[in-house]
1. Applying the selection to the range 218-242, what residues are part of a helix (DSSP H, G or I) and in contact with a strand residue (DSSP E or B) (Cβ under 8 Å, 6 or more places away or on another chain)?
2. For the subset of the range 169-185 comprising residues that are assigned to a loop (DSSP other than H, G, I, E, B) and either among the hydroxyl-bearing types (Ser, Thr, Tyr) or within 15 Å of the chain's Cα centre (by Cα) (or both), which member is nearest to Met88 (Cα to Cα)?
3. Name the residues in the range 43-64 that are among the hydrophobic types (A, V, I, L, M, F, W, C) and either surrounded by 15 or more Cβ atoms within 10 Å (Cβ to Cβ) or within 23 Å of the chain's Cα centre (by Cα) (or both), would you?
4. Mind checking which helices (runs of 4 or more DSSP H) fall wholly inside the range 250-334 and carry at least 1 residues that are at pLDDT 95 or above, under 16 Å from Gly117 (Cβ atoms) and touching a Phe, Trp or Tyr at 6+ places or on another chain (Cβ under 8 Å)?
5. Scan the range 53-89 residue by residue and report those that are touching an Asp or Glu at 6+ places or on another chain (Cβ under 7 Å), outside any loop (DSSP other than H, G, I, E, B) and over 26 Å from Leu220 (Cβ atoms).
6. Considering only residues that are under 14 Å from Val136 (Cβ atoms) and more than 11 Å from the chain's Cα centre (by Cα), which ones fall in the range 148-168?
7. Can you say whether Arg304 is among the basic types (Lys, Arg), surrounded by 18 or more Cβ atoms within 10 Å (Cβ to Cβ), more than 24 Å from Asp125 (Cβ to Cβ) and touching a residue at least 24 places away in the same chain (Cβ under 8 Å), as far as the supplied structure shows?
8. Of a type outside the set (Val, Ile, Thr), touching a helix residue (DSSP H, G or I) at 6+ places or on another chain (Cβ under 6 Å), buried (at least 22 other Cβ atoms within 10 Å of the Cβ) and closer than 30 Å to His282 by Cβ, is that true of Ala102?
Amino acid sequence: MPAMRYLITGGSGYIGTRLIGRLAERDETERIVIADIRPPAAFRPKVAYERLDVRDAQAARSLLERERPDALVHLAFVLNPMHDENAMYEIDVGGTQNILEAASAAGTQQVLVTSSGTAYGGFPDNPVPIAEDWPVRGVPDFEYARDKSECDRLCQLWALRHPDRVMTIVRPCIVFGPNVDNYIVRAWLKQPFFADFGLPDQDVQYVHEDDVGEALIRLLDGRHDGAFNVAGDGTMTWRECAEMIGMPSRRVPRGLYWKFGELMWRLRLSETPPGNLHFIIHPWVVSTEKLKETTGWSPRHTTRETFEITMRARGKLGPGEPSERPEIAAPVGA
């Protein structure tokens, strides 16, 4: 394999940190540049840091033209919903547009962008499972999914405009693991009960942070073009998740709960708007067959194991508690 130069936006985050750790160990890796608004927790040989706010189009362009990476990995996204939706849009969608335009100008030959399985949206007509050729529709009242679907479409357009280059779009399900601290983890830790709307209990998938890192490595190494879902094997139901950690279930009217969620969001007492409930009410399970067949990737951790590992790391499960019947219910979001 020839010497490789990488530029990774958002490289100081938990996915970026693990990806960089793997890449830095390789003899063929010549240089890795972390482009982030905050420096990494630790530095490694071959790794440099450049402060970059992806909203600054000129700075992004200058950095890529100066570094001329062989591969660009774009991980710089807001993962937790913000009350300032315009700011979140500027970072996620505007930032992605800036990075893609910079890659165009710099002649970057390989671009990998982390989209999300939430880009498909939570809808009653979703197939089970969802393959990569299903349209990304987001949902209009959950900003994270809405922005992810728009970013995904920007990447698809970039690929059409640059047929001679490689665009890899990665769509993970919910990423969990011992180092992950997002609003979904915190929902499982803090929710007083699981809201039962009297609807069918939908399946949920989790993927371990290390398995995401391995998928990114394989997609980069193989220069695989197109979109790829990432998820742990198997599913749980939301109710099973809640039962595993001893969360009680309460039957509540959906409309009332939704209005309560809107009020809590407006009062800034909730981390997410109620639109994230679409992903609990409707089917939202992705197929990983394309990734497995294309790269040979296989997750080391199942959905159930990933949830257990995460909850155990957060003190919601004792070290000896079994996983035989992880059952019961649902927090927020996707």
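1. Listed by number, the residues that qualify are Leu219, Leu220, Trp238, Arg239, Cys241, Ala242.
2. Per the criteria, the residue is Asn182.
3. Correct list: Val47, Leu52, Val54, Ala57, Ala59, Ala60, Leu63, Leu64.
4. Helices (runs of 4 or more DSSP H) meeting the threshold: 278-281, 289-295, 303-313.
5. Answer for the range 53-89, where residues must be touching an Asp or Glu at 6+ places or on another chain (Cβ under 7 Å), outside any loop (DSSP other than H, G, I, E, B) and over 26 Å from Leu220 (Cβ atoms): Glu85, Met88, Tyr89.
6. Result: Ser149, Glu150, Cys151, Asp152, Arg153, Leu154, Cys155, Gln156, Leu157, Ala159.
7. Yes, satisfied.
8. Taking the combined requirement at face value, the residue does not satisfy it.
The values are calculated or read from the model by the stated rules, or taken from the named source; none is laboratory data. As the structure is a prediction and not an experimental result, all values here were calculated from the model. Heads up, the Cβs are rebuilt from the backbone with ideal geometry, glycines too, and the neighbour counts pull from every protein chain shown.
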